[in-house]
Amino acid sequence: MQKVSMLVIFCLLVSACGAMKQAPDTTYYLFDADPVAQQHKVTEARIKLEKVTLPDYLSGSQLVMRESGHVLIKANYHSWADSLDESIQRALLNDLNNINAENEFVDWCSPCDSISVTIEHFYPSAEGKLLLSGFFEISKSKGENKLSYFQLVDELSVDGYANAVRQMRAQISELAAQINQNL
């Protein structure tokens, strides 16, 4: 009797393990998936774009969404293909170089003017909004500094992380335009 009950328990355990669903594959997103080839610029005016500063919740590889109120959730199966701070810096360099013919924007030069960007909030929300906010500082080599704040809020056109990433990239292009206007 004891052997039969042990066999029944073993069979139930084996059948329960077989009924479990397998976790979905992780989807990886490239933030700067469509870089534009840079034209060689004949200029001596170089501006350094410092490493972009992100809040801690964006320093991981998972995509983040604001669920409601003060609650942020990290996606289990949706991740960035590269570190977000480096991807945003590459995207900003690309955009700035394409919209400003007078200056060459680089990730390193000395001595030169510089731009530092701090992103405080950057996420889609469950309510269908997309938020990018923070500040940037333009530092001239002559010692002049100009601090500017930004807040971009857009409606998400379609549900899903793929669309949110596409629209997040578009917001970074808007930020590049704001930086360019302040130079």
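The values are calculated or read from the model by the stated rules, or taken from the named source; none is laboratory data. Since the structure is predicted, the reported quantities are computational estimates derived from the model, not experimental observations. Backbone-built Cβ (ideal geometry, glycine too); neighbour counts: all protein chains shown. The protein model used for the area step is the full one, side chains on, heavy atoms only, and it has no ligands, DNA or RNA in it. Shrake-Rupley method; radii C 1.70, N 1.55, O 1.52, S 1.80 Å.
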- Query: Which of Asn182, Ser110, Met168 sits closest to the plus end of the dipole of the chain, meaning its Cα is farthest towards the positive end, when Lys and Arg get +1 and Asp and Glu get -1 on the C-beta?
  - Reply: Met168
- Query: Quick one: Karplus J couplings for segment 65-70, per residue in order, coefficients 6.51, -1.76, 1.60, θ = phi - 60°, nearest Hz, x for Gly and Pro?
  - Reply: 9, 8, 6, 5, x, 9
- Query: Counting only protein chains, not ligands or nucleic acids, how are Arg166, Arg66, Arg46 ordered by accessible area (probe 1.4 Å), most first?
  - Reply: Arg166, Arg46, Arg66
- For the chain: relative contact order, % (alpha-carbon pairs under 8 angstrom, 6 or more apart): 22 percent
- Task: Add +1 for every Lys or Arg and -1 for every Asp or Glu among the other residues with Cβ under 11 Å from the Cβ of Glu67, and state the total.
- Result: +1
- If Trp80, Trp108 are ordered by their accessible area, calculated over protein heavy atoms with a 1.4 Å probe, which sequence runs from highest to lowest? Trp108, Trp80
- Note on the structure: Checked against a 27 Å limit on the C-alpha separation, the offending pairs among Lys21/Lys74; Lys48/Lys74; Lys21/Lys129; Lys74/Lys140; Lys51/Lys140 are Lys48/Lys74; Lys21/Lys129; Lys74/Lys140
- Rounded to two decimals, what is Rg over Rh for the chain when you use alpha-carbon atoms and the Kirkwood radius? 1.22
- Message: Under a crude label model (7 Å from the Cα following the beta-carbon direction), how far is Lys142 from Asp34 in nanometres?
- Response: 3.9 nm
- Message: As an exercise, use a Förster radius of 41 Å and the Cβ-Cβ distance of Ala177 and Val71 to find the FRET efficiency, rounded to the nearest 0.05.
- Response: 0.85
- Task: Using only protein heavy atoms and a 1.4 Å probe, report how much of Ser173 is accessible, in Å² to the nearest 10.
- Result: 50 Å²
- Item | Tilt relative to the chain, helix 2-19 - C-alpha long axis, 0 to 90 degrees, to 10 | 30 degrees
- Task: Would you calculate the separation in nanometres between label points at Lys41 and Thr26, each defined as 7 Å from the Cα along the Cα-to-beta-carbon direction?
- Result: 3.6 nm
- Message: If you count only protein heavy atoms and use a 1.4 Å probe, how large is the accessible surface of Val153, to the nearest 10 Å²?
- Response: 80 Å²
- Message: From the alpha carbon gyration tensor of segment 117-183, can you work out the equivalent ellipsoid semi-axes (sqrt of 5 times each eigenvalue) and give them in Å, largest to smallest?
- Response: 28, 10, 8
- Query: Roughly what % antiparallel, to the nearest 5, for the DSSP beta bridges in segment 26-94?
  - Reply: 60 percent
- Non-local amide H neighbours of Arg46 (under 5 Å, H modeled in plane, Pro and chain starts lacking H): which ones? Glu104
- Ratio Rg/Rh, restricted to segment 21-102 and using Cα atoms, in which Rh is the Kirkwood radius: 1.11
- Task: Between His40, His70, His78, find the one with the highest GNM mean-square fluctuation for the chain; connect C-alpha pairs within less than 10 Å.
- Result: His70
